[in-house]
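First up is the structure itself, then whatever we jot down about it.
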Amino acid sequence: MRRPAALAVAAGAIVVLVVLVVVGRHEGSRHARQENGRIAEIRRLVGPLDSPSLDAFRLLPQFSCLLYKRHGNRFALELCVDGQGRVVEAIDRRGRTPRIASLREAPQDATVRVDRAEVDRLLRKLGAPL
Amino acid sequence: MLVLNLAFASSINNSFLLLGRAFRFWLLLELVIVTWAYFAWRAPRVRLAGAPFAALGGFLVLAFVSVFWSVRTHSTEKRALAFLALALVGLALAAVADARPEAVRRVLEALVAAAAIVALLGLYMLWVSHDQAVQSASLQYPARYRGIGQNPNTVPLLLAPALPLALWLWTRARSRAGKAVAVCAALLFDGSIVASGSRGALIAALVGAAVWLLTLPRSWRLRLALVAAAAAVFAADVAITQIPKPVSPSAVSHRQSGAHRVIRDAELLLPLEDEIGRPGKNAPPIRRTLFGTSGRARAWDAAVHQVARRPVAGYGFGTEAQVFVDRYYGFDSTVPENSYLGVALQLGIVGLVAFLVVLAAVVWVAAVALRRLSGAALAAARACAAVVAAGLVLGMTQSYLTSAGNLASPAVWLAALLLPALAAHTVRQSQ
């Protein structure tokens, strides 16, 4: 390949990569925004964290979850909170198929927050072995 | 040595596991240094068919650039570096093999030896610890042999592409003892795959063997007869895998007989990893069947939906295990168990296209080599093409092709990257 042609190919490849970086970052922030929106919606449905409908818990290595009952379903709404109080996953099981909003792969992008100390207090109240 | 170490790093046994994990990337690095030192020492005049390397280089650049949008920057850097190291080993070996075609034979023999040692260690494990070597039967699954692997599908990943290599070794062996060793290796590989009940590996082994037999430089009648014989062995293997049965539900004691007590831990009643596709309260358990997907269909569907959320560039190279979440009843893996979907998750449609271009370039070079070569070089090219074919089929049911730390990756990629060296040999032959 002649030198000008090689330079043109290299320049073209760099431009494509730069565009890809921009697109990749845009896709990442759009995905985080959408998931945060859905998490916030389920957070609103839950209401106060210590509401009487709080019925169960879940302890996993990455996060702890609080589960709230609705209309006879003990696990209808679920909020999963990491060690820093970020809600990284929320599940709405009121319908036939669960509606899952999750940012567990990128907890740093989760913007919905709760008081982690309050979560720990509620977990202890439910008998979770903390 | 590297393949053996990677098998240790994926072992059910803690001693093997710790040994493998401590050394796997150091061994890969050492292999890079050794192969490039050998290349520098031999200083061959290289005239490789460049298309697969150019395509692989492009894919690697994409993998590294994905650091800028990755959800786990550290994972992306680490795994892209490991994959680069594997590609560098392949490039150096191909460059040396270009000048010294007998090097291909040595590499392929080493791969068969590594697979045989892994399979024999599985039998040793069966002898010393039945519990570790065999996964117990459950309501869904029959008992399955896993040897030293973490699960029943781990070791067959290596044995399936190694099976056509054992056939190649049999035809190349000069002495009776050599032929007997090759036959024993092939039987050991096939037997281990059958005992594991790994359906994807069985199909991959059949495809690899079929490629090996169909490219035999003999009459079409003989080739088709041999493929029919391979298909008959495959059918017998499948029939054997159906003999063990899962545990009967009546054999499992019901815990409901005790006093009623409210269980607050949701993980005991509704584990997140089994939430989707879970049978109803009184429904019979889902059983693994011959044509069932073991939850893979749901996992693949979910992975496609995840790809659709970041369709162009994906979540970043090497993040497949962090991004994919197993929520599917009957499915037990941290990855979607499909290499092509895995690449799409990591690097989006752009990455998948770039990856398919790499594979297409390898297949094209293999076709060139198979059409033009003769003698021992043709036999080596047929063996490499068979490994690649088996590897690509395995990629449909296992996520491994872009994981340099997986025990099957080196075998498949080294065989793929030796093909350009053999194809370059054809150019010199024709000149």
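Taking the C-alpha atoms only, the angle from helix A:116-125 to the longest principal axis of chain A is near 40 degrees. Taking the charge dipole of the stretch A:1-110 about its Cα centre, with +1 at Lys and Arg Cβ atoms and -1 at Asp and Glu Cβ atoms, the residue from A:63, A:45, A:34 reaching farthest to the positive side is A:34. Over the residues of the protein assembly as shown, the helix contribution to mean residue ellipticity at 222 nm works out to -20500 deg cm²/dmol, using -39500 (n - 2.57) for each DSSP H run of at least 4.
For the protein assembly as shown, DSSP calls about 90 percent of its internal beta bridges antiparallel. About its Cα centre, the protein assembly as shown has a charge dipole of approximately 880 debye under the convention of +1 per Lys or Arg Cβ and -1 per Asp or Glu Cβ, with nothing else charged. One equal scatterer on each Cα of the protein assembly as shown, no solvent, Debye formula: the resulting log10 I(q)/I(0) at q = 0.08, 0.12 Å⁻¹ is -0.61, -1.22. For chain B, the longest principal axis of the C-alpha atoms and the axis of helix B:14-42 are separated by about 20°.
Applying D = kT/(6 pi eta Rh) to the stretch B:1-137, where Rh is the Kirkwood radius over alpha-carbon pairs, T corresponds to 37 °C and eta to 0.692 mPa s, the Stokes-Einstein value obtained is 190 µm²/s. Our summary gives chain B a relative contact order of 24 percent, counting only alpha carbon pairs under 8 angstrom and 6 or more residues apart.
Binning all Cα-Cα separations of chain A at 10 Å, short to long from zero, yields these whole-percent fractions: 12, 35, 23, 10, 9, 7, 4, 1. Using the average count of surrounding beta-carbon atoms within 10 Å as a protection proxy, the listed peptides B:397-403, B:50-56 rank, highest first, as B:397-403, B:50-56.
Mind grabbing the base-10 log of I(q)/I(0) for chain B at q = 0.08, 0.12, 0.14 Å⁻¹? Debye formula, identical points on the C-alpha positions, no solvent, two decimal places. Values returned for q = 0.08, 0.12, 0.14 Å⁻¹ are -0.46, -1.03, -1.37. Considering only B:225, B:63, B:114, the Gaussian network model of chain B with Cα springs below 10 Å gives its largest mean-square fluctuation to B:225. Per-residue mean of other chain beta-carbon atoms within 10 angstrom of the beta-carbon, peptide B:262-273? Rounded to a whole number, the mean comes out at 6. Taking every residue in B:340-352 and counting other chain Cβ atoms within 10 Å of its Cβ, the average works out to 1. Centroid-to-centroid, using Cα positions, the stretch A:90-113 and the stretch B:113-151 are 38 Å apart. Against chain A, whose longest principal axis is taken from its Cα atoms, helix A:3-46 shows a tilt of about 10°. Count Lys and Arg as plus one, Asp and Glu as minus one, and take only other residues whose Cβ is under 13 Å from that of residue B:409; the net charge is then +2. The mean sequence distance of close C-alpha pairs (under 8 Å, at least 6 residues apart), as a share of the length of chain A, puts its relative contact order at 19 percent.
For the pair residue B:174 and residue B:245, the difference between a 0.36 nm per residue extended length and the Cα-Cα distance amounts to 21.3 nm.
Here, the stretch B:290-431 yields an orientationally averaged convex hull projection of 9.7 nm² when only Cα atoms define the hull. State the Cα centre-to-centre distance between the stretch B:179-210 and the stretch B:326-366 in whole Å. Measuring centre to centre over Cα atoms gives 24 Å. In a DSSP loop and with at most 11 other Cβ atoms within 10 Å, the trypsin sites (Lys or Arg not before Pro) in the stretch A:85-130 are A:96. Mean partner shielding of peptide A:55-65, defined as the number of other chain Cβ atoms within 10 Å of each residue Cβ, is 3.
Summary value for the stretch B:1-105: 29 percent relative contact order, contacts being C-alpha pairs under 8 angstrom separated by 6+ residues.
Taken together, the values in this text are just the output of simple stated rules run on the coordinates, not laboratory data. Not measured: the values here are computed from a predicted model. Counting neighbours? That spans all protein chains shown, and the Cβs are built from the backbone with ideal geometry, glycine included.
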